[in-house]
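The structure under discussion appears below in the form of structure tokens.
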Amino acid sequence: MIKGEQLYSGKAKTVYATNDPKRYIVKFRDDVTAGDGAKKANMKGKGYYNAQISARLFKLLADNGISTHYIKMVSEDEMLVHACDMIKIEVIPRNIAAGSIVRKYEFKQGHPFAQPVLVMDYKNDAAHDPMLNDDIAIALGLVTEKELRKIRKISLRVNDILKQFLGDRGLDLPDFKLEFGKVDKKIVVADEISPDTMRLWRKGTMESLDKDVFRFDKGDLLTTYKEAAKIIVPEIFK
Ligand code: UDP
């Protein structure tokens, strides 16, 4: 696999072409941003932990029959993925109230939802990712009704799988963000699943092992991500 030209560079990852038009390489960089890019830093090793955690969780999903864009790691912080057309929706399954849902509605931080709450945001930085409902998503032409049904079903299944896996390891999963892409016509889980895009709390404590540590200056982010990696991918420390 030969790494080709840079196709896209986001806040924390860069996507490269390869010699195979159907495959891309995603590099997890050491950059970290919060608050719509208002707060920025670079921490050596952060990309490595996020890439390794994402790879582990994509493999977990594949083992449970969920299609993802992940193929394999090609270096410590780069993964080979299936090239897909990204769907511009961020799907956020929520199990415990935290973050924007606490700011917008009268839920208390840490309130456990009786059943998962799925929130969808329009992936549009210029518009600050406004919340979507099904009708708006369809009217914008982001997805069809059928695709939306499929996306909801996969999101809830992914939530169950991650909640179980992390729960077995002493972690609560208040919420996380999923992105989807299409390979040919098939919908796959894409992007990343890392402490940048999840809330992870030590079970029953609300102690963050995720980007909230950076968002709210609660401690050293790299130490936190290393802690999360020790729990999720202990094999990389052997
Ligand atoms: N999230 C993300 N990218 C975004 C927005 C949110 O990965 O652009 C993740 C975030 O890390 C959290 C979850 O989605 O785990 C819910 O985020 P929320 O809506 O509470 O927004 P925040 O509090 O991060 O502003």
Aspartates and glutamates with Cα under 12 Å of Lys177, excluding same-chain neighbours fewer than 8 positions away: Glu90, Asp121, Asp191, Glu192, Asp196
Within the set of other residues whose C-beta is less than 10 Å from the C-beta of Ser9, count the net charge using Lys and Arg as +1 and Asp and Glu as -1. +3
Report ³J(HN,Hα) in whole Hz for each residue of the range 96-109, in order, from the Karplus equation J = 6.51 cos²θ - 1.76 cosθ + 1.60 where θ = phi - 60°; Gly and Pro get x. 9, 5, 6, x, 5, 6, 7, 6, 8, 10, 8, 8, 7, 3
Would you please classify the overall shape of the chain from the alpha carbon gyration tensor, given that a ≥ b ≥ c denote the square roots of the eigenvalues, rounded means a/c under 1.5, and beyond that prolate means a/b larger than b/c while oblate covers the rest? rounded
Residue-wise, which Karplus ³J(HN,Hα) couplings in Hz belong to the range 45-58, taking 6.51 cos²θ - 1.76 cosθ + 1.60, θ = phi - 60°, and x for glycine or proline? x, 5, x, 4, 4, 5, 5, 5, 5, 4, 4, 4, 6, 5
Percent accessible area from carbon and sulfur atoms, the range 181-238, protein chains only, probe 1.4 Å: 51 percent
Skip the ligands, DNA and RNA, and give the accessible area per residue of the range 4-67 with a 1.4 Å probe, whole Å². 49 Å²
Taking the Cβ of Ile96 as the center, what net charge do the other residues with Cβ under 14 Å away carry, scoring Lys and Arg +1 and Asp and Glu -1? +1
Taking the Cβ of Asp184 as the center, what net charge do the other residues with Cβ under 12 Å away carry, scoring Lys and Arg +1 and Asp and Glu -1? +3
How about the range 80-140: which chymotrypsin sites (Phe, Trp or Tyr not before Pro) there lie in a loop by DSSP and see at most 13 other Cβ atoms within 10 Å? Tyr105
What is the distance in Å between the Cα centres of the range 1-73 and the range 209-232? 18 Å
Tensor-based shape of the range 93-152 (alpha-carbon gyration tensor, a/c under 1.5 rounded, otherwise prolate or oblate): oblate
Taking a 31 Å limit on the Cα-Cα distance, which of the listed pairs Lys39/Lys88; Lys39/Lys153; Lys27/Lys88 fall beyond it? Lys39/Lys153
Can you list which of the chymotrypsin sites (Phe, Trp or Tyr not before Pro) found in the range 149-238 are DSSP loop residues with at most 12 other C-beta atoms within 10 Å? Phe216
Give me the 1.4 Å probe accessible area per residue for the range 123-167, excluding ligands and nucleic acids, in Å². 60 Å²
Using 0.36 nm times the number of residues separating Glu235 and Lys203, minus their current alpha carbon distance, what extension gain do you get? 9.3 nm
What shape does the range 155-223 have by the C-alpha gyration tensor, where a ≥ b ≥ c are the square roots of the eigenvalues, rounded means a/c under 1.5, and otherwise prolate means a/b greater than b/c and oblate the rest? oblate
Estimated [θ] at 222 nm from DSSP helical runs (n ≥ 4, -39500 (n - 2.57)) normalised by residues in the chain, nearest 500: -9000 deg cm²/dmol
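The values are calculated or read from the model by the stated rules, or taken from the named source; none is laboratory data. Just so we're clear, the structure is a prediction, and the values are computed from it rather than from any experiment. FYI the Cβ positions are ideal-geometry reconstructions off the backbone, even for glycines, and counts take in every protein chain you see. Protein only, heavy atoms only, side chains kept; ligands, DNA and RNA dropped before computing areas. Shrake-Rupley method; radii C 1.70, N 1.55, O 1.52, S 1.80 Å.
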